[in-house]
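Trainee: Quick one: the structure is below, and I'll ask about it shortly.
The values are calculated or read from the model by the stated rules, or taken from the named source; none is laboratory data. All of these numbers come straight from a predicted model, not from anything done at the bench. Cβ placement follows ideal geometry from the backbone for every residue including glycine, while neighbour counts extend to all protein chains displayed. Only protein heavy atoms, including side chains, enter the accessible area calculation; ligands, DNA and RNA are left aside. Shrake-Rupley method; radii C 1.70, N 1.55, O 1.52, S 1.80 Å.
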Amino acid sequence: MKLKILNIDRHRNGVAGQPFDVILFKERGTPSRKLGIVFDEPHYCAVLDIDLLAAGDIAFGSNSWRGDDYESYLREAIEQRDRRRP
C-alpha cells in the first residue's frame with residue numbers, strides 16, 4: 001500500500017486525555033483523501049474518508065475503513081516526522 005501523507009499533527013486531547021496523531025493522506029491511485037487518527041497504543045487507529053465526513057456520513061459500513069490495514073503505514077509516517085524534529 002502506498003500512501004501520500006498530506007499533513008500530520010499531534011493532538012494532546014485536553015489536559016488528561018490520551019494524546020493522538022492526526023494524519024491527512026491519500027492512497028495512491030485513489031482520488032479520496034482520508035483522515036487517520038492514531039493513538040499511542042498499538043491497534044488504536046481509525047480511518048475515515050474526508051469527503052464522506054463533510055457530507056455528514058459517519059456510518060459504519062459506508063465510511064468505515066480498516067484501521068488495521070493502514071495502521072503500520074501511518075505509524076511509520078509518525079516515526080518519520082518524529083525523526084525530522086529537533
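Trainee: I want the local charge near residue 52. Using Cβ-Cβ distances under 12 Å, sum +1 for each Lys or Arg and -1 for each Asp or Glu among the other residues.
Mentor: Details: positive: 33, 34; negative: 49, 51, 57.
In short, -1.
Trainee: How far is helix 67-84 tilted off the main Cα axis of the chain, in degrees rounded to 10, range 0 to 90?
Mentor: 40
Trainee: Please work out which option in (i) 73; (ii) 53; (iii) 56 gives percent of Cα pairs over 16 Å apart calculated from these coordinates, and answer with its label.
Mentor: Only one listed value fits the structure, namely (ii).
Trainee: Segment 1-51: which trypsin sites (Lys or Arg not before Pro) are DSSP loop and have at most 12 other beta-carbon atoms within 10 angstrom? Don't skip to the answer; put the middle values down first.
Mentor: Working: sites: 2, 4, 10, 12, 26, 28, 33, 34; in loops: 2, 12, 28.
In loop regions of segment 1-51 (DSSP not H, G, I, E or B), the sparsely surrounded trypsin sites (Lys or Arg not before Pro) are 2, 12, 28.
Trainee: State the percentage of accessible surface on the chain attributable to carbon and sulfur atoms; use a 1.4 Å probe and exclude ligands, DNA and RNA.
Mentor: Exposed carbon and sulfur together represent 53 percent of the surface.
Trainee: Roughly how many Å² is the accessible area per residue of the chain, as a whole number, for a 1.4 Å probe? Show your work: numbers first, answer last.
Mentor: Numbers: 5910 Å² over 86 residues.
Ligands and nucleic acids excluded, the result is 69 Å² per residue.
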